[in-house]
Amino acid sequence: MRPSGRNLDTLRAISIEPHATKHAEGACLIALGDTRVLCTASLEDRTPPFLRNTGLGWVTAEYGMLPRATNTRIRREAAAGKQQGRTIEIQRLIGRSLRACVDRSALGERQITIDCDVLQADGGTRCAAITGGWVALRLAVNRLLKAGDVTSDPITDHLAAVSCGIYAGQPVLDLDYAEDSTAGVDGNFVLLGSGRMVELQMSAEGATFSRGEMDQLLNLAEKGVSELITAQKAAIA
């Protein structure tokens, strides 16, 4: 029995609120159970120096967690004077994932920055950030298309991410913190709407896993991502 009472292949309740902030070109507030992440997309008519005069655009991401997103207060990274390694790793993952579904030639020489701020954490924050980040990106690109600033849609596919793991000896979908903190195997799966894989992060957290168990987790991830994409479509409809 899972702590939440969910079936092994059941996601937490999903909520995606588009246009969650006033000023950003694209924004949404995504909730997966008790995990809540605010995702905003900011457009700039410039690219990083290494892309100047290439005709290519860029999508990047930043990630952060509010001090009381967790059970106890965490220190702001700005107060420490540097980002933690975990933060850097997560925001690089988000940026890589989103670029996988963008035609950078069609985007043109402009940059879109996706900011993902965790308001409340209960497991799966990086997956929620990727899933919500895609919605914020989609809304920002819709604005470019409407204004005629791009002539073809640079977004090539849907993109979502979900965690899966082996908890109490059973493969489960969408781990919350109670499961994630004690799971024998933990994985994050980033998939396109087409089913093609962008990134898989798998690690043994106290128990090894077999090829067959990995296949079971991938099957769960495909089911979960399909449901997340359905929620994305409803949010931007």
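The values are calculated or read from the model by the stated rules, or taken from the named source; none is laboratory data. Remember, predicted model here, so these are calculated numbers, not experimental data. Glycine gets a Cβ as well: all are built from the backbone with ideal geometry, and neighbour counts include every protein chain shown.
So, in the stretch 8-23, of the ones that are charged (D, E, K, R) and not in a strand (DSSP E or B), which residue ends up surrounded by the most Cβ atoms within 10 Å (Cβ to Cβ)?
Looking at the filtered set, the residue picked out is ARG12.
On the basis of being assigned to a helix (DSSP H, G or I) and in contact with a strand residue (DSSP E or B) (Cβ under 8 Å, 6 or more places away or on another chain), does THR113 make the cut?
No, not satisfied.
I want to confirm something. Restricting to the stretch 120-142 and keeping residues that are over 14 Å from the mean Cα position of the chain (by Cα) and under 19 Å from LEU175 (Cβ atoms), which single residue is surrounded by the most Cβ atoms within 10 Å (Cβ to Cβ)? Let's see the steps before the verdict.
Narrowing the stretch 120-142 to residues over 14 Å from the mean Cα position of the chain (by Cα): 120, 122, 139-142.
If we keep only those that are under 19 Å from LEU175 (Cβ atoms) too, we end up with 120, 122.
Details: GLN120: 16, ASP122: 23.
Among those that are over 14 Å from the mean Cα position of the chain (by Cα) and under 19 Å from LEU175 (Cβ atoms), it is ASP122.
Going through the stretch 1-36 one residue at a time, which ones are within 22 Å of VAL59 (Cα to Cα) and of a type in the set (A, V, I, L, M)?
ILE16, ALA20, ALA24, ALA27, LEU29, ILE30
When the stretch 31-65 is examined, which residues are found to be within 17 Å of the chain's Cα centre (by Cα) and assigned to a loop (DSSP other than H, G, I, E, B)?
Answer for the stretch 31-65, where residues must be within 17 Å of the chain's Cα centre (by Cα) and assigned to a loop (DSSP other than H, G, I, E, B): GLY33, ASP34.
For the stretch 183-202, state whether one or more residues are surrounded by fewer than 18 Cβ atoms within 10 Å (Cβ to Cβ), more than 22 Å from ALA100 (Cβ to Cβ) and out of contact with any strand residue (DSSP E or B) (no Cβ under 8 Å at 6 or more places or on another chain).
Looking through the stretch 183-202, none of the residues is surrounded by fewer than 18 Cβ atoms within 10 Å (Cβ to Cβ), more than 22 Å from ALA100 (Cβ to Cβ) and out of contact with any strand residue (DSSP E or B) (no Cβ under 8 Å at 6 or more places or on another chain).
If I ask for residues that are polar (S, T, N, Q) and at pLDDT below 95, which ones from the stretch 55-74 would you list?
THR70, ASN71, THR72 - these are the residues of the stretch 55-74 that are polar (S, T, N, Q) and at pLDDT below 95.
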